[in-house]
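The block underneath contains the structure these notes are about, expressed in structure tokens.
No value in this document is a laboratory result; all are computed from the given coordinates. If you're wondering where the values come from, they're calculated on a predicted model, not measured in any experiment. Here Cβ is always computed from backbone atoms with ideal geometry, including for glycine, and neighbour counts include all displayed protein chains.
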Amino acid sequence: MTDLDTRAAERWGALRRAAPALLGYTAVRALGLLVLALWSAARGRSAYTLLTARWDSLWYTGVAELGYGYEVRLPDGDVHSNLAFFPLLPWLERLGAAVGPLSYADAGFVVSLLASLAAAWGIFAVAEHVYDRRVGLCAVLLWAVLPVGVVQSMAYSESLFTALAAWSLYAVLTGRWVTAGALAALAGLTRPVGLAVTAAVWAAAVVAFARDRSRAGAEGAHGPPYAPGEGARRVLGMLLAPLGAAGYVLWVGHRTGDGPLGYLDVQAGWRNGFDGGAAFARFVAEKFTSFPAALAGAALVVGVALLVRLYVAGVRQRQPLALLVYTGIVVLLALCASSYFGSKPRLLLPAFPLLLPLARALARARTSRAAAVVCGVAVAAAVYGAFWLNGSGPP
């Protein structure tokens, strides 16, 4: 058997192991889309429009169709520029429209559907590698039934980013450093939080180098501490990882004439920035000044406490460093940004390692009980997603 045959057999085996998780994920998302279609029809609205031609979806398709340079000046002086949106999703939308009969919005929807499946497979691969196949299945199903899981089926960049991040992390965990760096670079072309993937690659590589040096010192000069070329591949992966995000940010700075940090000025026009969570803390505190807004404030406090507890559980369960670094930065940027507060739940969608402690607990339950829990939460998430998109929706 040739190396090519061996790799093909390995990939086919990996797909077979992931098949139940992917089928379960597809079923959950199909339920969500069905409920959304019925709910929207009852309100005289188009579910497809909600998924492909509202909020950020319009900005992405605008970039795909017209390129960069469009901006909206608001009466309060804010400037909303499409330079705030990273280019990989619009590039794929343009490619999809160029090679087939799809519109840019159609192509964005197809990209999100395919990327969500790739993300589910990547989550399964990471969880299976760290724990086992059953935990991988549970992790995928939990990601599918998140209350804002409907975003995974929208022409947004969350699914695409999560897919690239998950597979980059899996490549790190399995020692495929060049692949990890290349995927991290693509993630950096998708969303600003791509730096979390880069940081995970760098942290894991630095620790691997330190571990190799320690082994070399312990074993002496006899025998290489790692396979020939391993160090070079790690360095190449580290060099590749930041290229996507750095390249786009520097290009924006050059285009606007504001220098290397010009992208921050673009984000400021959207009132986005990093303030250490001060604005979010004020937002939560203001909820407690009236009733029933205080109930929403209490729910937010409980939600943040749950995020912290899940992260601490990951630390205690000794999740790999790459996962902890990645998750920590995703959560930190989501909670400590001064952006629109209603968007924070969807900004947390890529932080899938937070679900691993819950997936482990669910995996230990009886199959019948675990299935009942997942089905019940899936129905609730489908109803909430339909209600949400037909209401305020994700900004």
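Stretching the chain fully between ALA9 and VAL235 yields a gain of 78.4 nm (0.36 nm per residue, less the alpha carbon separation).
Among TRP143, TRP121, TRP55, the largest mean-square fluctuation in a Gaussian network model of the chain, built with springs joining Cα atoms closer than 10 Å, belongs to TRP55. Working from the Cα coordinates of region 305-351, the gyration tensor eigenvalues give, after taking √(5λ), semi-axes of 21, 11, 8 Å in decreasing order. As a size descriptor, the averaged projected area of the C-alpha convex hull of region 33-186 was calculated at 11.7 nm². Computed over the chain with a Gaussian network model linking Cα atoms closer than 10 Å, the most mobile of ARG318, ARG233, ARG29 is ARG318. Over the Cα atoms of region 264-395, the radius of gyration divided by the Kirkwood radius equals 1.00; this is the Rg/Rh ratio. Across ALA107, ALA281, ALA184, mean-square fluctuation computed from a Gaussian network of the chain (C-alpha pairs under 10 Å connected) peaks at ALA281.
Of the DSSP H helices in the chain, those with a Cα length along their own long axis of 27 Å or more and a mean Kyte-Doolittle hydropathy reaching -0.5 comprise 3-42, 104-130, 195-219, 293-316, 367-389.
For region 329-384, how big is Rg over Rh, using alpha carbon atoms and the Kirkwood form of Rh?
Computed over Cα atoms, the ratio is 1.10.
Show me 352-359, 300-307 ranked by packing, highest mean number of other Cβ atoms within 10 Å first.
352-359, 300-307
Listing ILE123, ILE329 from fewest to most neighbouring C-beta atoms within 10 Å gives ILE329, ILE123. Annotation for ARG43 and LEU74: the two label points, set 7 Å from Cα along the Cα-Cβ direction, are 2.2 nm apart. Seen from a random direction on average, the alpha-carbon convex hull of the chain projects onto 23.6 square nanometres.
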